[in-house]
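**Q** Structure provided below as structure tokens; questions to follow.
The values are calculated or read from the model by the stated rules, or taken from the named source; none is laboratory data. Remember, it's a predicted structure, so these values are computed and weren't measured experimentally. Backbone-built Cβ (ideal geometry, glycine too); neighbour counts: all protein chains shown.
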Amino acid sequence: MLEETVIQRVLGTALRTGGDFAEIFVEDRRSSSAHYDDGKVEELTSGRDRGAGVRVVVGDTTGYAHTADLSETGLRAAAEAASGVARGGDGGVRVVALERQHATAPYEPTVLSEDVDKSRKVELLARADDAARSAGMAVTQVSAGYGDSRRRTLVANSDGLLATGDVVRTRFGVSTVAQGDTGMQTGYEGVGRTMGFEMFDDVDVEGIARTSADRAIAKLAARPAPSGLLPVVIGAGRGAVLFHEACGHGFEADAIEKQASVYHGRVGEVVASPQVTLVDDGTMGRQWGAYAIDDEGRPAHRNVLIDEGVLTDYMWDLLRSRKAGRLSSGNGRRQSYHHLPMVRMTNTYLLAGEEDPAELVRQTPRGVYVAHLGGGQVNTATGDFVFGMTEAYLIEDGEVTEPLRDANLIGNGPEVLANIDAVANDFAMAEGGGTCGKWGQSVPVGMGQPTLRITGVTVGGTAA
Amino acid sequence: MTEELLDLASRVAASARAGEEVEAYVARGQDTEIVVYDGGIESLSSATSEGVGIRVVVDHRQGFAYAGSLDDEVVAETLEEARDNAGFGSPDEHLGLASPDGVAPVDLDLWRPELADLTTDRKVEMALELEKRVKASDPRIRTVHSADYGDAMVEAAVATNTGIAASHRRSSCYVSVYALAGDGDETQTGGGYSVGRSPDDLDIDEAADDAVERATRLLGARKPASARLPVVLDTRITTTLLRVLSGTLSGEAVLKGRSLFANRVGEQVAVPGLTLVDDPTNPDAYGAAAYDSEGLACRRNALISEGRLQGFLYNTYAGRRAGVPSTASAVRGGFKSPPGVGCRALSLEPGAMSQEEILAEVGEGLLVQEVTGVHSGVNPISGDFSVGAEGLMIRGGALAEPVRELTIASTVQRMLLDVVAVGNDLEWLPGAAAGVTIAIAEMSMGGA
């Protein structure tokens, strides 16, 4: 993407006023999307974003500047702007010797979007629309979306690192509206993977559309969710948003550093029930949060966060790990070259337990069974977090009974982790292709989990 | 500068071929963001960015493409890509670009050139000052997670070969702070901010006091018992509710069967005391704008008057489909997306009572100061409303003990009919809606 001599001169400019560390991050992102709504292809969109960001660190201070101008003049101007934070001294002329790092891509896509005729993308959407509308008379509206992106990155820094990344992602999703006597209800189902168009070789487009429609139709007969503390069984897959919020964000080293996490100072301690072993793994090929290198040039890792209930480690980026005198865990990510990197999750999942998932429901006299979750949100400093249920049922006398309307659930991270009393053997990754937002930046994250039970969580419905 | 962008947009529009309608939206911005922590600069980011979004309508089909660059070559490629994309859209006779409708734009002065002259040192000082004031104000403040200063100067132009040529520029700046209160055993958090168009508008004391009050008054908060009770929404929370409402008042959502207000124009959808207006021509509104994203002059649109639904918001496409003129409500998320329909300056008509008077009137209930999970627990299509919340109980007409880790739930439809008071404390907050205290007769509080 850039010649090594240019990179060296840009890093030299960045260090000229005495910075301790300098880095250049170059990104070239191409994307395309198609949106089908109301029985029509609304439009196809193509996008191109290309630029670079230069970061200079001096002491605890970071300077950052980014530009869409990839000429040497443009990059050196950004380097000068970023180096403005380091004006204590004269850094002199420093030439960084770069060493190219090789990281193995977790998965090599076989069919790139640019080689696929646009009409094939549109055809998938039309098939989904048709399948969702055929799912029942109650379906009144369908929208289907397709999107792909190819993001090529280059990272070089004054430690001599030079690494490149190339990540291809594809996603597909269907939203359905159904109408009945009780008003309108909605359903969603989707798939997102770090793959090319070959993803559709084993994705059942019609199946996704039907699941979306069935979800909306089922809720037409739903009653309001209960209000108050109840046992909750969460089905395998998407339920992992629970861990993403209950502890994932609280394990990010930037929150830890500022003592803005309830998990601060707790490495080596029991933070969850012994049935909980939690992993964050950026190397899982094809999964939505996978990559070869993070946005600081560090290879992705498989990091065990909780081992049988004991907190083993946090997640780290470059800045936080430098201060702690250790290596980054490969969790330094950014939305785009417009942003500074921060600690982010990749694919976060709970390992399977031994119990029979059906037994978890049978042993629950009264509670809520959550089959599909929406998003969530956490305050890492207090540990309070919410997550939304978009397909849920009442459990009565050990059986899944009536469907419930959408609601949030609220809990406190450490309390909920301690109250997980059963983990089943039916591990599954979520297919949805989630987006995680933090301090204004969005990145793709994956998650997975077997069926599990929490002895008590507050369900935010309106029924007694 | 802005003329230069309009020239570029006009040149792209003028390159339309026979039978084509072409729209170019061109934007350029400059921004700074400073984060301070523990008396020093944690990060200082500065950048300029620019980009173009091009829409082509040909044979009643639409295509769109964007690029984060204004290089001639890239712009030409983007136009070609939009053209190519149009070939794959479904034909729809209502597709088409805006054309001038005779409404004159209001003269809004949203640009403060002095912002460009503010030195980086001064910006850093403001953030440091904010951090210092928060720390000094109350011994229960344990730490300040971050204090920020940010600003942006944005210019944009839109032109079509159907007669549209509009441009605007705006400056904005803010300070914000996020404080942690309590000792090692308990932590509560609170945020405060101040926004404006120029640094003179920023009120550091107000931002500091807000963060300190919000964090410290939650100390000792517990999970309450579940109950049904009256709920008072603090100004910021009302903004959140209005944002949810704005989606249901989009003419596009109505046409596509996604609005719970479809077919209800003229009906009583809220209490008689409730009047809701979207007025981007109000210079006090944070989202004030002379033109919408398709280049039509913004205007005042009444949505709910004395509880009766008056109508919906439309962009050009939705208006043509509904057989009504555009209400100049085209909005877009920058140059990367084609225009949709949305509000810019939504506000409830304020009432006569202060928040204190509303609390006294309510007597027993809950004041909500923070909500979470709006994206995961509010369904604007079904109307189901369920969010995580923290706040203070109202007892004997005054604020009492703090509560946390609870939910409040109802439906959007019910809440509008249950509004028993609108405060006199209207304030324009960042985003597309104004804040004001409101009281709702009854909601479900989920707790222990």
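**Q** So how many residues does segment A:304-324 have that are over 23 Å from the mean Cα position of the chain (by Cα) and among the acidic types (D, E)?
**A** Selection size over segment A:304-324: 1.
**Q** Can you list the helices (runs of 4 or more DSSP H) lying wholly within segment B:285-396 that have 2 or more residues being hydrophobic (A, V, I, L, M, F, W, C), touching a strand residue (DSSP E or B) at 6+ places or on another chain (Cβ under 7 Å) and more than 14 Å from chain A (Cβ to nearest Cβ)? I'd like the intermediate steps shown before the answer.
**A** Values: elements: B:316-322, B:355-362, B:374-377.
Ranges flagged: B:355-362.
**Q** Those residues that are closer than 18 Å to A:A381 by Cα and surrounded by fewer than 24 Cβ atoms within 10 Å (Cβ to Cβ), I need them from segment A:400-417; list them, please. Reasoning before the result, please.
**A** Taking segment A:400-417 and keeping what is closer than 18 Å to A:A381 by Cα, we get A:410-417.
Hits for segment A:400-417 are A:N412, A:P414, A:E415.
**Q** Given the condition buried (at least 22 other Cβ atoms within 10 Å of the Cβ), among the hydroxyl-bearing types (S, T, Y) and modelled with pLDDT of 95 or more, answer yes or no: does some residue in segment A:64-86 qualify?
**A** Scanning segment A:64-86, I find at least one residue that is buried (at least 22 other Cβ atoms within 10 Å of the Cβ), among the hydroxyl-bearing types (S, T, Y) and modelled with pLDDT of 95 or more, so the answer is yes.
**Q** For segment B:65-165, please list each of the helices (runs of 4 or more DSSP H) lying entirely inside it that holds at least 3 residues being over 26 Å from the mean Cα position of the chain (by Cα) and either small (G, A, S) or in the same structural domain as B:S326 (by TED's automatic domain parsing) (or both).
**A** In segment B:65-165, B:72-86 are the helices (runs of 4 or more DSSP H) which contain 3 or more residues that are over 26 Å from the mean Cα position of the chain (by Cα) and either small (G, A, S) or in the same structural domain as B:S326 (by TED's automatic domain parsing) (or both).
**Q** Still on this structure: Out of all the residues in segment B:153-164, which are in contact with a Leu (Cβ under 9 Å, 6 or more places away or on another chain) and within 18 Å of B:V52 (Cα to Cα)?
**A** Answer for segment B:153-164, where residues must be in contact with a Leu (Cβ under 9 Å, 6 or more places away or on another chain) and within 18 Å of B:V52 (Cα to Cα): B:M153, B:E155, B:A156, B:A157, B:V158, B:A159, B:T160, B:N161, B:I164.
**Q** Of the residues A:G289, A:G330, which is assigned to a loop (DSSP other than H, G, I, E, B), of a type outside the set (A, V, I, L, M, F, W, C) and touching a Lys or Arg at 6+ places or on another chain (Cβ under 7 Å)? Outline the logic, then answer.
**A** Numbers: A:G289 fails: touching a Lys or Arg at 6+ places or on another chain (Cβ under 7 Å).
When all the criteria are applied, what remains is A:G330.
**Q** Same structure again: Condition check: more than 17 Å from A:G237 (Cβ to Cβ) and either crowded, with 24+ Cβ neighbours inside 10 Å or in the same structural domain as A:H339 (by TED's automatic domain parsing) (or both). Does A:Q441 satisfy that?
**A** Numbers: more than 17 Å from A:G237 (Cβ to Cβ): yes; either crowded, with 24+ Cβ neighbours inside 10 Å or in the same structural domain as A:H339 (by TED's automatic domain parsing) (or both): yes.
Taking the combined requirement at face value, the residue satisfies it.
**Q** Mind listing whichever residues of segment B:187-225 are closer than 26 Å to B:D121 by Cβ and of a type in the set (K, R)?
**A** Listed by number, the list holds a single entry, B:R197.
**Q** Report yes if some residue within segment A:62-71 is of a type in the set (D, E, K, R), within 25 Å of B:G334 (Cα to Cα), free of Cβ contacts under 8 Å to residues at least 60 places away in the same chain and within 11 Å of chain B (Cβ to nearest Cβ); otherwise report no. Before the answer, list the steps.
**A** Looking only at segment A:62-71, we keep the residues that are of a type in the set (D, E, K, R), and these are A:69.
So of that shortlist, the ones also within 25 Å of B:G334 (Cα to Cα) come out as A:69.
Checking which are free of Cβ contacts under 8 Å to residues at least 60 places away in the same chain leaves us with A:69.
Then keep just the ones that are within 11 Å of chain B (Cβ to nearest Cβ); that gives A:69.
Yes, the conditions are met somewhere in segment A:62-71.
**Q** Could you say which residue among A:V139, A:V155 is modelled with pLDDT of 95 or more, under 27 Å from the mean Cα position of the chain (by Cα) and either in the same structural domain as A:R215 (by TED's automatic domain parsing) or at positive phi (or both)?
**A** Values: A:V139 fails: under 27 Å from the mean Cα position of the chain (by Cα).
Going through A:V139, A:V155 in turn, just one is modelled with pLDDT of 95 or more, under 27 Å from the mean Cα position of the chain (by Cα) and either in the same structural domain as A:R215 (by TED's automatic domain parsing) or at positive phi (or both): A:V155.
Yes/no per residue for (1) touching a His at 6+ places or on another chain (Cβ under 6 Å); (2) closer than 25 Å to A:D28 by Cα; (3) more than 10 Å from chain A (Cβ to nearest Cβ):
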{"position": "B:A14", "(1), (2), (3)": "no, no, yes"}
{"position": "B:V26", "(1), (2), (3)": "no, yes, yes"}
{"position": "B:D31", "(1), (2), (3)": "no, yes, no"}
{"position": "B:G51", "(1), (2), (3)": "no, yes, no"}
{"position": "B:F64", "(1), (2), (3)": "no, yes, no"}
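**Q** Of these, A:E80, A:E3, which one is among the acidic types (D, E), more than 12 Å from chain B (Cβ to nearest Cβ) and closer than 17 Å to A:S158 by Cα? Give the derivation first.
**A** Working: A:E80 fails: more than 12 Å from chain B (Cβ to nearest Cβ).
Testing whether each residue is among the acidic types (D, E), more than 12 Å from chain B (Cβ to nearest Cβ) and closer than 17 Å to A:S158 by Cα leaves just A:E3.
**Q** Also, quick follow-up: Tell me whether segment A:298-318 contains one or more residues that are in a loop (DSSP other than H, G, I, E, B), without any contact (Cβ under 8 Å) to a residue 12 or more places away in the chain and out of contact with any helix residue (DSSP H, G or I) (no Cβ under 9 Å at 6 or more places or on another chain).
**A** To start, the set of residues in segment A:298-318 that are in a loop (DSSP other than H, G, I, E, B) comprises A:298, A:300-301, A:308-309, A:312-314, A:316-317.
Of the ones still in play, those that are also without any contact (Cβ under 8 Å) to a residue 12 or more places away in the chain are none.
The answer is no, given that none of the residues of segment A:298-318 is in a loop (DSSP other than H, G, I, E, B), without any contact (Cβ under 8 Å) to a residue 12 or more places away in the chain and out of contact with any helix residue (DSSP H, G or I) (no Cβ under 9 Å at 6 or more places or on another chain).
**Q** Can you name the number of the only condition in (1) more than 11 Å from every other protein chain (Cβ to nearest Cβ); (2) under 27 Å from A:E27 (Cα atoms); (3) at pLDDT below 95 that B:A76 fails?
**A** Unmet condition: (3).
**Q** Just one of B:L233, B:L249 is buried (at least 20 other Cβ atoms within 10 Å of the Cβ), under 30 Å from B:A152 (Cα atoms) and either in the same structural domain as B:V378 (by TED's automatic domain parsing) or in contact with a strand residue (DSSP E or B) (Cβ under 6 Å, 6 or more places away or on another chain) (or both); which is it?
**A** On the way: B:L233 fails: under 30 Å from B:A152 (Cα atoms).
Every option except B:L249 fails the conditions.
**Q** Then there is this: Just to be sure, is A:G136 assigned to a loop (DSSP other than H, G, I, E, B) and under 30 Å from A:S33 (Cα atoms)?
**A** On the way: assigned to a loop (DSSP other than H, G, I, E, B): yes; under 30 Å from A:S33 (Cα atoms): yes.
Against the criterion (assigned to a loop (DSSP other than H, G, I, E, B) and under 30 Å from A:S33 (Cα atoms)), A:G136 qualifies.
**Q** How many residues does segment A:176-222 contain that are within 14 Å of chain B (Cβ to nearest Cβ), crowded, with 22+ Cβ neighbours inside 10 Å and not in a helix (DSSP H, G or I)?
**A** Residues flagged as within 14 Å of chain B (Cβ to nearest Cβ), crowded, with 22+ Cβ neighbours inside 10 Å and not in a helix (DSSP H, G or I) within segment A:176-222 amount to 6.
**Q** If you don't mind, there's one more thing I want to ask. Might you let me know whether segment A:397-414 holds any residue that is hydroxyl-bearing (S, T, Y) and away from chain B (no Cβ under 14 Å)? Show your work before the answer.
**A** First pass over segment A:397-414, keeping only residues hydroxyl-bearing (S, T, Y): A:401.
Still in the list and also away from chain B (no Cβ under 14 Å): A:401.
Looking for residues that are hydroxyl-bearing (S, T, Y) and away from chain B (no Cβ under 14 Å), one finds at least one in segment A:397-414, hence yes.
**Q** Of all residues in segment B:1-54 being within 26 Å of A:R50 (Cβ to Cβ) and of a type in the set (K, R), which is surrounded by the fewest Cβ atoms within 10 Å (Cβ to Cβ)? Reasoning before the result, please.
**A** So in segment B:1-54, the residues within 26 Å of A:R50 (Cβ to Cβ) come out as B:1-2, B:4-13, B:15, B:22-33, B:43-54.
Okay, now just the ones that are also of a type in the set (K, R), so B:11, B:28.
Values: B:R11: 14, B:R28: 22.
Restricting to residues being within 26 Å of A:R50 (Cβ to Cβ) and of a type in the set (K, R), the top hit is B:R11.
**Q** Of the conditions (1) in contact (Cβ under 8 Å) with a residue 12 or more places away in the chain; (2) touching a Gly at 6+ places or on another chain (Cβ under 9 Å); (3) under 24 Å from A:A222 (Cα atoms), B:D418 fails just one. Which one is it?
**A** (2)
**Q** Enumerate the pairs (first residue in segment A:25-44 and facing chain B (nearest Cβ under 8 Å); second residue anywhere and in a strand (DSSP E or B) and surrounded by fewer than 21 Cβ atoms within 10 Å (Cβ to Cβ)) with beta-carbon separation below 6 Å, excluding pairs fewer than 6 apart on the same chain, so at least 6 apart or on different chains.
**A** A:E42/A:H35
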